[in-house]
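Presented below is the structure to which this report refers.
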Amino acid sequence: MVMLVVAGLLVAAPASGAEPPAWRYTMVAFSNASDRDMDVFESADGTGFQLVKPSAYRPPSGLVRDPSIFRNTDGMYYLTYTTGGTSIGFARSSDRITWTPLANYSLPFCCAFMPGTGDGTGSASPPGFSGSAGFSDGPSLSPFVTKAWAPEWFVDGGRVNVIVSMSTGGGFVPYLMTALEPSLRLWSLPVPLAGIGADHIDTTVVKVGSTYHAFTKNETKKVVEHAVAPSATGPYSFVPPGNWGTLVEGPALAQLPDGTWRLYLDAYTEGKYLYSDSTDGLSTWSDAQELPGLSGTVRHIGVMREPA
């Protein structure tokens, strides 16, 4: 059983001799021209995306950066996105096109003494610490969140989670929150993804078999890294990444109709959108290449796969 972060769908192999299932891929992305507007695209194969509706959603206030989409068990589609402050936004739709804002969920307090979230202005850290806080490589001394960015849906065993990158003044750290009721309005306290550490943002997770795979941007090196763990919250261990280049961010994953895993990447300084494929269960990857038709148009996408 494979669980997609961005889709939350079970993937089953077709019976022998049967026609493979048809899929629909929905892409949401903030516009390269405006981070207050979200565009919706659609594809049958995860490669050729066509614009369904430009400016399909503009929140009542704030930004709509880094959108992530999934379909819940109530049949509705849900967005979460970066508002630009200490809250993350939520919206809902019955058709993926017309969106109703739900709420901005505020995260003003979190994680005093957690690694990597402080101001990073102090002296060198003592042994055993990781991150940029208080002293230059140590724990945050403040519980006040200054940024809550790049939220990503992750559905695991029926539990709806959001992975969000948070800072209390220094480097970002990824945390997981779990919905406590079906309307997705009440959430657990954030739990850090152990082993990923400070100065990582845009973290997204997929589960393949019993292994959790995290793809995350190292903000210091400006590269996307790959880590694996036995549970959603870790501890994660980094493994060799693909040849994805530098100055890339916003990793998003989906499984193609033939079972190949695809990693989408925002090459933000070049104005290009890239992809890289794995045919062996996220172990090795093809060289990154340009996704047709979207470069210069979209930024930090979310992709959801569902039966057509």
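The values are calculated or read from the model by the stated rules, or taken from the named source; none is laboratory data. Bear in mind the structure is a predicted one, so any value in this text is a computation, not a measurement. Cβ coordinates were reconstructed from backbone atoms using ideal geometry, including for glycine residues, and neighbour counts include every protein chain displayed. Accessible surface is based on the protein model in full, side chains and every heavy atom, while ligands, DNA and RNA are left aside. Shrake-Rupley method; radii C 1.70, N 1.55, O 1.52, S 1.80 Å.
When K222 is evaluated against the numbered criteria (1) of a type in the set (D, E, K, R); (2) under 19 Å from I88 (Cβ atoms); (3) under 17 Å from the mean Cα position of the chain (by Cα), which criterion, by number, is the only one it fails?
For K222, the failing item is (2).
Any residue in segment 189-196 that is open to solvent by 40 Å² or more (accessible area, probe 1.4 Å) and modelled with pLDDT under 80?
no
How many residues, within segment 144-182, are open to solvent by 50 Å² or more (accessible area, probe 1.4 Å) and part of a loop (DSSP other than H, G, I, E, B)?
The qualifying residues number 6.
Assuming S295 fulfils every condition listed in (1) modelled with pLDDT of 95 or more; (2) surrounded by 14 or more Cβ atoms within 10 Å (Cβ to Cβ) apart from one, which condition is it?
Checking S295 against (1) modelled with pLDDT of 95 or more; (2) surrounded by 14 or more Cβ atoms within 10 Å (Cβ to Cβ), the one that fails is (1).
Could you tell me whether any residue of segment 258-277 is without any contact (Cβ under 8 Å) to a residue 40 or more places away in the chain, more than 19 Å from E42 (Cβ to Cβ) and within 15 Å of the chain's Cα centre (by Cα)?
Yes, there is a match, as at least one residue in segment 258-277 is without any contact (Cβ under 8 Å) to a residue 40 or more places away in the chain, more than 19 Å from E42 (Cβ to Cβ) and within 15 Å of the chain's Cα centre (by Cα).
Tell me which of these T284 doesn't satisfy, since it passes every other one: (1) surrounded by fewer than 16 Cβ atoms within 10 Å (Cβ to Cβ); (2) within 16 Å of the chain's Cα centre (by Cα); (3) not aromatic (F, W, Y).
It is condition (2) that T284 fails.
Considering only residues of segment 23-42 that are surrounded by fewer than 19 Cβ atoms within 10 Å (Cβ to Cβ) and not charged (D, E, K, R), which is modelled with the highest pLDDT?
Across segment 23-42, the extreme among qualifying residues is S34.
For A194, are the conditions met, namely being over 24 Å from G84 (Cβ atoms), of a type outside the set (D, E, K, R) and outside any strand (DSSP E or B)?
yes
Please work out which residue is farthest from R65 (Cα to Cα), limiting yourself to segment 244-285 and to residues that are in a strand (DSSP E or B) and polar (S, T, N, Q).
In this case the residue turns out to be S278.
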